[in-house]
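Here the structure comes first, spelled out in structure tokens, and everything after it is commentary.
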Amino acid sequence: MSAIYMSMYLPEYLNNLNRRYATKQFDSNYKVSPELENLLDQTLDLTPSSYGLQPYKFIKVTNPELRQKLRTASWDQSQITDASIL
């Protein structure tokens with residue numbers, strides 16, 4: 001990568017990294033529509049890896065009892081049970 005390219009885009013890249021955040025709280029009443037959920041599933045399936053191998057496996061947890069157990073094992077983080085999709 002050229003020094004000119006890096007000097008042009010590095011500040012913007014660093015700015016974007018500084019703006020990232022983790023969602024601390026979800027609205028437990030909000031439910032993702034089936035259409036949006038399907039779109040998200042497709043997006044995950046199409047996410048490339050650096051070698052094009054896509055070695056990912058995604059697990060969607062829908063069972064409320066299991067989500068509660070996962071919350072307990074996740075230092076009682078409410079996101080586990082409050083998020084529309086896990």
* Order of 29-40, 75-86 by packing, highest average Cβ count within 10 Å first? -> 75-86, 29-40
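Taking R0 as 41 Å, what's the FRET efficiency between Leu10 and Ser84 from their Cβ-Cβ distance, rounded to 0.05?
Values: r = 36 Å, r/R0 = 0.88.
With a Förster radius of 41 Å, E is 0.70.
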* **Range of Cα positions in the range 1-63 per principal axis (Å), largest first** => 50, 32, 19
* What is the spin-label model distance, in nm, from Ala3 to Gln42 if the labels are put 7 Å beyond Cα along the C-beta direction? -> 4.6 nm
* How many nm separate the modelled label positions at Gln77 and Tyr51, each set 7 Å beyond the Cα in the direction of the Cβ? -> 2.8 nm
* Positive minus negative residues near Leu70 (Lys, Arg vs Asp, Glu; Cβ under 14 Å) -> +1
* Asked: What's the FRET efficiency of Leu70 with Asp27 using the Cβ-Cβ distance as r and R₀ = 25 Å, to the nearest 0.05?
  -> 0.85
* Asked: Can you run phi through the Karplus equation (6.51, -1.76, 1.60; θ = phi - 60°) for the range 39-53 and list ³J(HN,Hα) in whole Hz, with x for Gly and Pro?
  -> 4, 4, 4, 5, 4, 4, 4, 9, 5, x, 9, 5, 9, x, 8
* Asked: Karplus couplings for the range 66-71 from phi (6.51 cos²θ - 1.76 cosθ + 1.60, θ = phi - 60°), rounded to Hz, Gly and Pro as x?
  -> 5, 4, 5, 5, 5, 4
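Any read-out appearing in this document is the output of simple, stated calculations on the displayed coordinates, not a laboratory observation. Remember, it's a predicted structure, so these values are computed and weren't measured experimentally. Virtual Cβ from ideal backbone geometry, glycine too; neighbours counted across all protein chains shown.
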